[in-house]
Amino acid sequence: MLRGRGRRGPGVRADDDPLDAAQERRVRAVLALGGVPQSDLPDGVQQVRLRLLERAAKGYEAPRDVSAWAAVVASNLAMDWHRAKRRQERVGERLASLRQHEHPSGEDTSVLSLAVARGLDELPDAQRQVLVLRFYADLPVRSIARELGVPEGTVKSRLHTAVRALRARLHEDEVV
């Protein structure tokens, strides 16, 4: 099985799952936090599996850190989902429908979660991606930079800008 060590050989059976349970949970979380609806999460997880299997079928070495690689692929899939969504409907309509939807206000965590989700929706794709990878997938800046193919300084800059914008949004909504 492909677990991030060594090279995947030609004798690997098709029924071997390239993601273990913890990696699958992480992929689901990254997709969900990236804005992919619950109903599309299984497809997103399968896409990550497929990309790992395609990579092995082409004879490429397994990613050094399968978990990090899978989280970045999931983040990219979430960005792709957003791009497709934007082509179908305008972002303003989507945000308006989120604001009109009633949510239980009994718990502070529900209010905070909703405000953070809205704030994430408003971030540019690149900022949302690094924020989710850093704080929700718990990847170090170095891993994010390596997997995205950008300098660490770029990741840090995007993180700083994203956190500042999200913090401003939460203060604007009077959540924090």
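The values are calculated or read from the model by the stated rules, or taken from the named source; none is laboratory data. Treat the numbers as computed from the prediction; the structure is a model and nothing was measured. Virtual Cβ from ideal backbone geometry, glycine too; neighbours counted across all protein chains shown. The accessibility values were calculated without ligands, DNA or RNA, using every heavy atom of the protein model including side chains. Shrake-Rupley method; radii C 1.70, N 1.55, O 1.52, S 1.80 Å.
Quick check on segment 38-52: of everything there that is out of contact with any helix residue (DSSP H, G or I) (no Cβ under 6 Å at 6 or more places or on another chain) and among the charged types (D, E, K, R), which residue is least open to solvent (accessible area, probe 1.4 Å)?
To start, the set of residues in segment 38-52 that are out of contact with any helix residue (DSSP H, G or I) (no Cβ under 6 Å at 6 or more places or on another chain) comprises 38-40, 42-43, 46, 49-50, 52.
Imposing the further condition that a residue be among the charged types (D, E, K, R) reduces the set to 40, 43, 49.
Numbers: D40: 52, D43: 98, R49: 34 Å².
Only one residue fits best here, namely R49.
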Scan of segment 53-70 for residues that are within 22 Å of R28 (Cα to Cα) and open to solvent by 40 Å² or more (accessible area, probe 1.4 Å), ordered by number: L53, E54, R55, R64, D65
Residues of segment 129-141 that turn out to be closer than 19 Å to V36 by Cα, without any contact (Cβ under 8 Å) to a residue 60 or more places away in the chain and open to solvent by less than 40 Å² (accessible area, probe 1.4 Å), as a count: 2
Among residues of segment 147-173, those that are in contact with a Phe, Trp or Tyr (Cβ under 9 Å, 6 or more places away or on another chain) and either closer than 21 Å to D65 by Cα or outside any helix (DSSP H, G or I) (or both), counted: 1
Subset of segment 131-146 (residues that are outside any helix (DSSP H, G or I) and under 19 Å from A117 (Cβ atoms)): A137, D138
First in segment 37-65 and over 19 Å from D20 (Cα atoms) and hydroxyl-bearing (S, T, Y), second anywhere and modelled with pLDDT under 90 and surrounded by 12 or more Cβ atoms within 10 Å (Cβ to Cβ), Cβ under 9 Å, 6 or more apart: Y60/R8
Which numbered condition L123 fails, given (1) at pLDDT 90 or above; (2) buried (at least 18 other Cβ atoms within 10 Å of the Cβ): (1)
Inter-residue pairs, beta-carbon under 6 Å, first over 14 Å from P63 (Cα atoms) and in segment 142-157, second small (G, A, S), 6+ apart: E152/A145; V155/A145
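Restricted to segment 147-169, and to residues that are closer than 19 Å to L112 by Cβ and buried (at least 21 other Cβ atoms within 10 Å of the Cβ), which residue is modelled with the lowest pLDDT? Reasoning before the result, please.
Taking segment 147-169 and keeping what is closer than 19 Å to L112 by Cβ, we get 162-169.
Subset that is buried (at least 21 other Cβ atoms within 10 Å of the Cβ): 162, 166.
On the way: A162: 90, L166: 86.
Taking the candidates together, the pick is L166.
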